[in-house]
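Engineer: Got a structure here, written out as structure tokens. Questions coming.
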Amino acid sequence: MNTTMKALALTADWRPRPDYQATPGEIETRRAVNAGMLWAEPRLELGEHPLPRPADDEVLVKVRACGICGSDTHCFQQDEQGYIRFSGPAKLPVIIGHEFAGEVVATGRQVKTLKTGDAVAAESVLWCGVCPACRSGHFNQCRQIEMLGLSSPGAFAEYVAVREKYCWKLDPLRQVCQSDDEVYELGALIEPIGCAYNGLFVAGGGFKPGAYVAIYGAGPIGLGAVLMARAAGAAKILVFDPSEPRNRLAQALGADYAASPGALARQGSSPSAVVAEMTGGQGADMQVEAAGAASATLPEIVKSFAPNGTLVFLGRHDSTALVEFDTLVSQANRMVGARGHAGYGTYGNIIRLIAAGRIPARQMITSRFPFAQVMEAFVRAGARDEGKIMVRFP
């Protein structure tokens with residue numbers, strides 16, 4: 001095996017914002033808690049990197065498919081002052097990419113459950129397992145958390161080393177798929193769908209079959225929420241996104257209605273008016289903010305609650321919005337944040353759902369690029385008109 005590999009690396013300039021004081025830990029490690037506060041002028045470069053060597057508890061995975069996440073594009077994009085738009089943790093430079101699946105090609109000495117040739121997908125939330133949050137079962141809120149492809153080397157690379165405990169075998173998919181390409185693409189979709197699963201059913205507490213669900217944002221996470229809501233028996237799923245191609249895709253995946261808020265405004269309507277009309281005035285039992293635009297979506301969401309309704313924040317953003325608390329109090333509504341997909345058997349349950357044909361996950365993919373054209377794939381992703389853009393490896 002070669003000693004080097006091709007990989008896509010993200011780098012940027014360490015430049016704390018004038019109104020932000022970096023912590024001693026951030027200065028020492030060059031790991032930003034909020035990337036947009038410290039990293040500016042982001043750059044992506046496809047080049048040669050050392051081949052990772054798996055530690056005793058790791059496996060070396062030959063990457064076969066990796067999806068582009070909204071967090072990836074936020075790392076590449078910059079605001080008016082030149083800072084990264086991503087508001088999560090980042091330690092740069094880093095090999096980017098975290099929605100992936102591949103084939104195990106080497107194992108560390110302590111690895112017991114995986115072997116060479118296994119098809120696997122891996123969690124991107126790298127939880128420690130020993131902090132108070134992890135010991136309480138809240139792996140996504142780990143106090144020592146690292147994020148694959150953001151603060152730890154990621155999967156837009158020919159190979160990636162991953163700890164055994166983060167990996168999930170894709171054997172059930174191999175039993176029902178027609179090709180290895182299909183297995184690995186479906187495996188790479190588990191991560192974004194898992195974020196929706198965690199938001200709706202773990203953090204959000206789920207809903208009863210027959211509930212009304214409203215989803216703001218039809219990017220991959222919002223589309224994952226459509227799949228999960230349909231699988232869980234929602235009576236109606238209403239989606240609102242500025243992109244008409246994404247709205248059409250949401251309907252193809254199971255949404256009963258999808259429209260652009262801008263188009264509705266030109267017609268003298270609004271998302272909250274649509275929710276009221278299509279639920280007979282009942283409102284939405286569960287609402288999902290997957291757009292990362294709370295200042296625009298929250299006013300409509302608050303108007304759309306059913307009594308005892310729940311709002312799940314999935315869209316990552318560094319913004320504030322006004323809330324009409326009287327409505328929340330009088331209707332016993334609640335708002336919850338959700339991050340990640342670790343724990344609660346999330347990956348295993350999604351693998352079962354896909355293998356059983358309960359969710360048409362592969363329809364989320366709207367474009368495919370070979371790894372050699374990964375930069376073009378990122379440009380396409382920045383337009384925000386696609387579902388999932390998948391990068392495939394030979």
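The values are calculated or read from the model by the stated rules, or taken from the named source; none is laboratory data. Predicted model only: the values in this text are computed from it and were never measured. Because the Cβ atoms are built from the backbone with ideal geometry, glycine has one as well, and the counts that use them run over all protein chains shown.
Engineer: Kindly check whether there is at least one residue in region 86-102 that is buried (at least 23 other Cβ atoms within 10 Å of the Cβ) and more than 30 Å from Tyr344 (Cβ to Cβ).
Structural biologist: Within region 86-102, one or more residues are buried (at least 23 other Cβ atoms within 10 Å of the Cβ) and more than 30 Å from Tyr344 (Cβ to Cβ).
Engineer: A further question on this structure: Residues in region 107-119: is at least one surrounded by 20 or more Cβ atoms within 10 Å (Cβ to Cβ), in the same structural domain as Ala361 (by TED's automatic domain parsing) and under 21 Å from Ile221 (Cα atoms)?
Structural biologist: Checked against the condition, which is being surrounded by 20 or more Cβ atoms within 10 Å (Cβ to Cβ), in the same structural domain as Ala361 (by TED's automatic domain parsing) and under 21 Å from Ile221 (Cα atoms), region 107-119 yields no hits at all.
Engineer: So which helices (runs of 4 or more DSSP H) stay within region 199-290 end to end and still have 3 or more residues that are among the small types (Gly, Ala, Ser)?
Structural biologist: 220-231, 261-266, 271-278
Engineer: Also: How many residues are buried (at least 18 other Cβ atoms within 10 Å of the Cβ) and under 20 Å from Ile145 (Cα atoms) when one looks only at region 55-73?
Structural biologist: Of the residues in region 55-73, 6 are buried (at least 18 other Cβ atoms within 10 Å of the Cβ) and under 20 Å from Ile145 (Cα atoms).
Engineer: For region 1-28, which positions are within 30 Å of Arg392 (Cβ to Cβ) and part of a strand (DSSP E or B)?
Structural biologist: Step one: filter region 1-28 for residues within 30 Å of Arg392 (Cβ to Cβ), giving 1-12.
Correct list: Thr4, Met5, Lys6, Ala7, Leu8, Ala9, Leu10, Thr11, Ala12.
Engineer: If you don't mind, another one. Checking the condition farther than 26 Å from Met390 by Cβ, hydroxyl-bearing (Ser, Thr, Tyr), touching a residue at least 12 places away in the same chain (Cβ under 8 Å) and in contact with a Ser or Thr (Cβ under 9 Å, 6 or more places away or on another chain), which residue from Thr116, Thr107 passes? Even if it seems obvious, please write down each step before you answer.
Structural biologist: Working: Thr116 fails: farther than 26 Å from Met390 by Cβ.
So the residue among Thr116, Thr107 that is farther than 26 Å from Met390 by Cβ, hydroxyl-bearing (Ser, Thr, Tyr), touching a residue at least 12 places away in the same chain (Cβ under 8 Å) and in contact with a Ser or Thr (Cβ under 9 Å, 6 or more places away or on another chain) is Thr107.
Engineer: Here is a check on your reading of the model: is Gly67 under 21 Å from the mean Cα position of the chain (by Cα), on the phi < 0 side of the Ramachandran plot and among the small types (Gly, Ala, Ser)?
Structural biologist: Details: under 21 Å from the mean Cα position of the chain (by Cα): yes; on the phi < 0 side of the Ramachandran plot: yes; among the small types (Gly, Ala, Ser): yes.
Spelling it out, Gly67 is indeed under 21 Å from the mean Cα position of the chain (by Cα), on the phi < 0 side of the Ramachandran plot and among the small types (Gly, Ala, Ser).
Engineer: Does Arg230 count as free of Cβ contacts under 8 Å to residues at least 40 places away in the same chain, among the basic types (Lys, Arg) and not assigned by TED's automatic domain parsing to the domain that holds Arg380? First the steps, then the outcome.
Structural biologist: Numbers: free of Cβ contacts under 8 Å to residues at least 40 places away in the same chain: no; among the basic types (Lys, Arg): yes; not assigned by TED's automatic domain parsing to the domain that holds Arg380: yes.
Against the criterion (free of Cβ contacts under 8 Å to residues at least 40 places away in the same chain, among the basic types (Lys, Arg) and not assigned by TED's automatic domain parsing to the domain that holds Arg380), Arg230 does not qualify.
Engineer: What about Gly217, is it over 21 Å from Thr279 (Cβ atoms) and touching a helix residue (DSSP H, G or I) at 6+ places or on another chain (Cβ under 9 Å)?
Structural biologist: No: the conditions fail for Gly217.
Engineer: Give Gly204, Gly199, Gly222, Gly187 a once-over and let me know the one that is in contact (Cβ under 8 Å) with a residue 60 or more places away in the chain, touching a Ser or Thr at 6+ places or on another chain (Cβ under 6 Å) and not charged (D, E, K, R).
Structural biologist: It is Gly204.
Engineer: Taking Glu48, is it closer than 19 Å to Phe156 by Cα and modelled with pLDDT of 95 or more? Working first, answer last.
Structural biologist: On the way: closer than 19 Å to Phe156 by Cα: yes; modelled with pLDDT of 95 or more: yes.
Against the criterion (closer than 19 Å to Phe156 by Cα and modelled with pLDDT of 95 or more), Glu48 qualifies.
Engineer: Let me ask something else about it. Could you tell me whether region 337-353 includes any residue that is small (Gly, Ala, Ser), over 24 Å from Cys134 (Cα atoms) and surrounded by 14 or more Cβ atoms within 10 Å (Cβ to Cβ)?
Structural biologist: no
Engineer: Within region 366-392, count every residue that is over 28 Å from Glu48 (Cα atoms) and buried (at least 19 other Cβ atoms within 10 Å of the Cβ).
Structural biologist: So the count comes out to 2.
Engineer: Answer yes or no as to whether Leu170 is free of Cβ contacts under 8 Å to residues at least 60 places away in the same chain, under 20 Å from Phe393 (Cβ atoms) and crowded, with 18+ Cβ neighbours inside 10 Å.
Structural biologist: Details: free of Cβ contacts under 8 Å to residues at least 60 places away in the same chain: no; under 20 Å from Phe393 (Cβ atoms): yes; crowded, with 18+ Cβ neighbours inside 10 Å: yes.
Against the criterion (free of Cβ contacts under 8 Å to residues at least 60 places away in the same chain, under 20 Å from Phe393 (Cβ atoms) and crowded, with 18+ Cβ neighbours inside 10 Å), Leu170 does not qualify.
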